[in-house]
Every structure is written in C-alpha cells, then in structure tokens.
Amino acid sequence: MAREPKSVPFGYEPEPEGKKGTLFVFGTFEEYDEEQLEAMIRLCEERGFTKLVLYPQTEETLRRMGIESTVPYSKRIKVVEEVIHGKQYPLSVTVDRWEGKRKKYTPVETSLGFLMEKYKGPYFVFLPGVYANKVAGYSSFEEWIRKARLLIERNGEPLHPRLEQYRSRWEEWNGREAH
C-alpha cells in the first residue's frame with residue numbers, strides 16, 4: 001500500500017513522544033507570582049503538556065461573571081508578563097492577550113473557541129473553584145465540556161450540579177498534584 005506524502009512547514013520539528021496538549025489557565029491573575037507559575041509548569045510536566053497558556057480576563061468579563069477584581073487588566077497583564085519574562089521553561093509558556101484587544105465582555109465559550117482554534121489539542125482548562133461553578137451554570141457548558149477537560153482548584157466551595165453531572169470530565173487539583 002502506497003504512503004500518502006505529507007507536507008510540513010519549514011523548520012518543523014516533531015514534538016517529543018508522549019508530549020501533547022495545551023493547558024489554558026483562566027483567572028484574574030491579581031496576585032500572580034513565580035510560585036504559582038512553577039506549580040502550573042510542574043502540572044504541565046507531570047501531564048506531558050507541551051504548552052501553557054495564561055489567559056487573564058478583562059474587568060468587564062469578570063464583572064459580568066460576578067467575580068471581583070480590584071486591579072486593572074493592563075496591570076494584571078504586566079505582572080504576569082514580568083513573572084515569565086526572561087526565564088527558560090521546559091515547555092512553551094504564553095500570555096494570551098486576545099481578550100484585552102477586544103476591550104469588552106467575552107463569554108467563556110467565545111474565549112475557548114478562539115483558544116482552541118489557535119493552539120493544538122488535546123485541551124485542558126484550569127479554573128479556580130469560583131470560576132468553575134460560574135462556568136458550569138452557563139448554557140454553553142455542556143457543549144464545550146466535551147471538547148476540553150477541566151482541572152479545578154477548589155477551596156472548599158460546594159460544586160455546581162452540572163460539575164457533578166460531568167464528573168468524568170474534570171479533576172480536582174490542589175496546587176501540588178492532581179488527584
């Protein structure tokens with residue numbers, strides 16, 4: 001049986017075996033520091049992810065979600081970029097500023113759609129517990145939970161019933177290791 005020819009872009013290098021996936025980290029990133037970044041990088045290494053995408057959300061998006069933010073988006077972006085600037089990591093670490101360019105409310109499903117088009121799958125989404133409960137309440141949750149797995153950092157909050165319904169699509173993460 002004949003092989004199909006493949007074309008690849010110039011400079012293409014295949015990814016190492018066993019490494020795949022992108023972790024999207026949603027959050028306010030108000031008090032982001034190196035320790036939190038290192039925890040995310042360890043998580044990516046444990047799971048074999050090739051890319052870590054930090055995705056701070058604008059004040060308008062956070063306000064519409066009912067999540068408080070006292071620091072402006074531009075300052076939060078600056079802090080995150082300072083934390084990652086000039087350091088070498090064992091994987092690709094990116095701050096995605098797309099939502100800031102929109103300068104308006106961006107629904108989670110719109111953000112995820114954009115990120116999934118831009119980066120390679122499989123997809124994993126890290127959400128703090130408060131975020132996870134809010135997102136699970138949206139009508140689009142059932143559609144996109146089939147496309148991405150969740151890693152939820154709970155701080156004792158009760159879970160939204162839809163999260164319980166889709167228990168097989170998420171894991172709890174305590175900041176050190178998944179369980």
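A short reminder: the numbers here are calculations on the coordinates, not readings from a lab. Just so it is clear, the model here is predicted, and its values are computed rather than measured. Every residue, glycine among them, receives a Cβ derived from its backbone with ideal geometry; neighbour counts consider all protein chains shown.
Descriptive notes on the structure:
- Spatially near lysine pairs across the range 5-100, Cα under 29 Å, sequence gap of 8 or more or different chains: 13
- Percentage of interatomic Cα-Cα distances in the chain larger than 27 Å: 27
- When you count the other C-beta atoms within 10 angstrom of each residue and take the mean per peptide, 101-109, 143-151 line up highest first as 143-151, 101-109.
- Protection proxy ranking, peptides 81-90, 66-75, average beta carbon neighbours within 10 Å, highest first: 66-75, 81-90
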